């Protein structure tokens with residue numbers, strides 16, 4: 001059976017072919033024997049530093065947009081039929097709008113599809129669930145410099161919880177948020193249970209904070225500073241569709257920012273921006289206002305202590321744990 005590389009479709013990069021494609025038109029080179037070299041076995045030592053994993057939308061959904069429980073799409077990954085679109089323009093436009101805009105209207109699975117070729121069936125292309133993604137971090141073979149699980153624990157995985165806290169340094173706590181929505185789509189949000197957990201975690205190590213009415217509260221708790229991490233930025237967390245696994249209400253990025261402003265001990269929020277021509281990291285630095293409240297300031301950073309986990313997928317290839 002054939003596939004992308006021997007089908008001659010100019011929508012794909014064909015590195016070994018001298019035929020023109022949309023990538024070569026903008027300067028991508030022709031690379032003889034590229035795939036033979038690419039699949040040559042090699043051993044990499046990896047980075048000798050501890051790392052933690054943050055949930056991203058490519059880690060909980062097909063193509064980062066559709067729920068991993070979608071049967072017809074899961075079959076397309078492993079089957080011999082390569083999906084290239086629907087048989088009419090309106091269905092293709094609807095699919096595109098739904099996948100990039102977080103809308104709930106998706107063409108029905110019964111819509112007629114089209115394909116230019118068949119590919120070899122391969123069960124190794126099977127999609128994975130969010131729990132399977134987290135469980136892969138518990139494999140001792142990926143421990144590296146640690147920590148074991150890279151933030152995820154067996155108990156949390158059993159409950160489907162993809163968020164956690166960890167000690168960055170004495171007096172500094174990191175909070176890894178799961179900003180994905182199991183309902184699918186690229187944009188995210190925070191589930192209510194996690195939202196309440198974030199507040200409880202911060203308040204447990206805050207000597208002073210403000211409630212929703214602006215009233216100051218004092219406690220006997222020892223102070224710690226907090227740095228939050230997420231895949232999504234606050235302005236890409238507007239997907240409030242109910243997740244099928246919990247059916248709980250969800251909170252937007254702007255609501256989360258407003259909430260974090262009530263805690264003087266929250267000093268930054270490190271996250272990934274949308275991918276356009278290049279990948280970036282941004283940090284929301286929490287500034288103190290004269291009233292004692294805080295206001296966010298966005299700055300760019302080329303690195304973060306917590307790697308944002310992403311996984312690029314195509315209908316005929318699945319990467320289980322690639323990071324950018």
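Within region 224-239, being under 17 Å from residue 174 (Cα atoms) and outside any loop (DSSP other than H, G, I, E, B) holds for 225, 226, 227, 228, 229, 230. When 247, 242 are screened for being over 21 Å from residue 52 (Cβ atoms), part of a loop (DSSP other than H, G, I, E, B) and touching a residue at least 40 places away in the same chain (Cβ under 8 Å), only 242 passes.
Checking every residue in region 247-260 against the condition of being more than 16 Å from the chain's Cα centre (by Cα), over 20 Å from residue 163 (Cβ atoms), surrounded by fewer than 21 Cβ atoms within 10 Å (Cβ to Cβ) and in the same structural domain as residue 134 (by TED's automatic domain parsing) gives zero matches. On inspection, residue 186 does not qualify as within 14 Å of residue 54 (Cα to Cα) and either touching a residue at least 40 places away in the same chain (Cβ under 8 Å) or assigned to a strand (DSSP E or B) (or both). Against the definition (farther than 19 Å from residue 255 by Cβ and in contact with a helix residue (DSSP H, G or I) (Cβ under 8 Å, 6 or more places away or on another chain)), how does residue 219 come out, yes or no? In short, yes. Here residue 217 clears all of (1) outside any loop (DSSP other than H, G, I, E, B); (2) crowded, with 16+ Cβ neighbours inside 10 Å except the condition numbered (2). Could we say that residue 160 is part of a loop (DSSP other than H, G, I, E, B), under 22 Å from residue 260 (Cβ atoms) and assigned by TED's automatic domain parsing to the domain that holds residue 226 here? So residue 160 fails the test.
Can residue 101 be described as over 21 Å from the mean Cα position of the chain (by Cα), within 29 Å of residue 237 (Cα to Cα), modelled with pLDDT under 95 and surrounded by fewer than 16 Cβ atoms within 10 Å (Cβ to Cβ)? It is false that residue 101 is over 21 Å from the mean Cα position of the chain (by Cα), within 29 Å of residue 237 (Cα to Cα), modelled with pLDDT under 95 and surrounded by fewer than 16 Cβ atoms within 10 Å (Cβ to Cβ). Filtered by the rule that a residue be closer than 19 Å to residue 82 by Cα and exposed (fewer than 15 other Cβ atoms within 10 Å of the Cβ), region 123-138 gives 123, 124, 126.
The values are calculated or read from the model by the stated rules, or taken from the named source; none is laboratory data. Just so you know, these numbers come straight off a predicted model, no measurement behind them. Because the Cβ atoms are built from the backbone with ideal geometry, glycine has one as well, and the counts that use them run over all protein chains shown.
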